[in-house]
Structures are given as structure tokens and as C-alpha cells.
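Take a look at the structure set out below.
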Amino acid sequence: MSSALTEEIAAAAARLVVEEGMEYGPAKRRAARTLGRSSTRASELPGNDLVEDEVRQYLAIFCAETQPRELAALRTVALVWMERLAEFRPHLTGAVWRGTATRLNNVHLELFCDDSKAAELALIDRHVDYDVGSRPGPRGEPIDVLSVAHACPDLGEHVTVHLSVLDHDDLRGALKPDAGGRSQRGDLAALRKLMAAGAE
């Protein structure tokens with residue numbers, strides 16, 4: 001695939017990420033189909049780093065007045081849940097951590113637990129309603145994802161918070177930076193620092 005087409009797919013995917021709140025993988029596949037490349041293999045699609053760069057450009061051009069406020073509101077929601085679940089070493093990841101989130105995004109927290117059921121019991125003890133789903137874990141095995149709805153006055157709506165339950169031993173590998181040297185997730189102290197600095 002030509003570099004021009006790769007960039008075109010990345011730009012189209014970025015629009016879907018921002019305008020529809022899609023995750024990167026589905027957005028890249030739909031963008032490729034829209035551009036007539038329905039048979040494109042995953043290895044031929046643009047990397048997430050390229051899509052993220054396009055997302056940042058799109059936000060700067062079209063959402064500069066609204067996105068910073070929406071991001072701050074979502075980070076406040078993340079902070080609340082990280083403080084509530086501090087015993088499980090919560091780390092914020094995804095668009096809310098990376099600074100590209102809008103009101104369409106969910107909050108993604110990873111909990112590193114000695115006991116995989118401890119986080120679920122903590123929600124039950126706090127009388128929190130939640131749904132249970134799953135996703136592939138760092139070693140390919142399915143892990144539990146506990147989803148809760150949080151009323152966000154700053155956005156005037158509920159925000160979904162996904163709590164991925166990981167093993168405590170997964171924490172060390174989770175802190176490795178990406179190819180660009182940027183962190184993929186941050187703990188409570190790191191989030192507080194970002195919020196205090198007003199950083200994106």
C-alpha cells in the first residue's frame with residue numbers, strides 16, 4: 001500500500017474516532033472499506049501512532065474550543081474512581097490518559113489485583129451496579145472488565161468507566177513506553193500531575 005493511501009486511511013479513521021467515538025481498530029477497518037480497501041490485512045493498515053497523530057490534528061482544527069473541557073471532565077471522573085479503588089493500583093489508559101478524548105469516549109482504568117475477584121467484591125461492598133464483560137489480556141487470555149456508569153455534571157450525562165482486572169504481576173510490563181517514548185498508562189499520582197498542569 002502506498003504511503004499516501006496509508007495516510008488517507010489514518011485521516012479517515014481519525015475522523016471516525018473523534019466524531020463517532022470509535023476505537024482505533026474498528027475505525028481503521030471502516031476507513032479502509034470506505035476507501036475501497038475492504039481486503040486490507042491488519043498489517044497493512046496504518047499504525048495506531050499515525051492514527052493518533054491524525055486525531056490530534058483533527059482535534060486541534062475542529063474541536064479546539066470544546067475538547068479540552070471535555071477531556072478535563074473525563075479525567076475528573078477517572079480521578080474519582082482511581083481514588084475509590086486505590087487499593088488495586090489503578091492506572092488510567094486509552095484516550096483519556098493520552099489526551100485525545102472527547103465526551104464520546106469512555107474512561108478505561110486497569111486494576112492490578114492480587115485476587116481477581118477482589119475488585120468485584122469492592123464494588124459490591126460499595127453497592128455499585130456494574131456489568132461484567134471481558135477482553136483479551138496481556139498474555140492473550142480473557143480478563144474481566146467491570147463497567148460502571150458515573151454521572152458527570154460537567155458533561156450533563158453519564159460516563160461509562162471500564163475497569164479491566166489484571167494480575168498484579170502484569171504491572172511491570174504495563175509501564176513500558178510505546179515506540180515514541182510516550183507512556184501508555186499512568187497511576188493516580190501521574191494523573192494528578194497532568195491535571196494540575198492542565199496538560200493534554
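The values are calculated or read from the model by the stated rules, or taken from the named source; none is laboratory data. Please read all numbers here as calculations on a predicted model, not as lab measurements. Here the Cβ is made from the backbone with ideal geometry for all residues, glycine too, and neighbour counts use every protein chain on show.
Below are the figures for this structure:
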| quantity | calculated |
| --- | --- |
| Enumeration of residues in segment 127-152 that are modelled with pLDDT of 95 or more and outside any strand (DSSP E or B) | HIS127, VAL128, ASP129, TYR130 |
| Filter pass, VAL161 being in contact with a Phe, Trp or Tyr (Cβ under 6 Å, 6 or more places away or on another chain) and either closer than 19 Å to MET195 by Cβ or among the basic types (Lys, Arg) (or both) | yes |
| Unique residue being in contact (Cβ under 8 Å) with a residue 24 or more places away in the chain and more than 18 Å from the chain's Cα centre (by Cα) when the list is LEU171, LEU123, LEU163 | LEU123 |
| Pairs, first outside the structural domain of VAL18 (by TED's automatic domain parsing) in segment 63-87, second surrounded by fewer than 18 Cβ atoms within 10 Å (Cβ to Cβ) and outside any helix (DSSP H, G or I), C-beta under 6 Å, six or more apart | ALA73/ASP154; ALA73/LEU155; VAL77/HIS150 |
| Subset of segment 103-120 [under 14 Å from the mean Cα position of the chain (by Cα) and surrounded by fewer than 21 Cβ atoms within 10 Å (Cβ to Cβ)] | ARG103, LEU104, ASN106 |
| From GLU65, GLU87, GLU54, residue being touching a helix residue (DSSP H, G or I) at 6+ places or on another chain (Cβ under 9 Å) and surrounded by fewer than 17 Cβ atoms within 10 Å (Cβ to Cβ) | GLU87 |
| Members of segment 1-48 found to be in a helix (DSSP H, G or I), acidic (Asp, Glu) and closer than 21 Å to LEU104 by Cβ, listed by number | GLU19, GLU20 |
| Some residue of segment 69-87 being of a type in the set (A, V, I, L, M, F, W, C), part of a strand (DSSP E or B) and at negative phi | no |
| Test: residue in segment 179-191 that is surrounded by 15 or more Cβ atoms within 10 Å (Cβ to Cβ) and part of a strand (DSSP E or B) | yes |
| Odd one out for HIS108, checked against (1) assigned to a helix (DSSP H, G or I); (2) touching a strand residue (DSSP E or B) at 6+ places or on another chain (Cβ under 7 Å); (3) within 25 Å of PRO177 (Cβ to Cβ) | (1) |
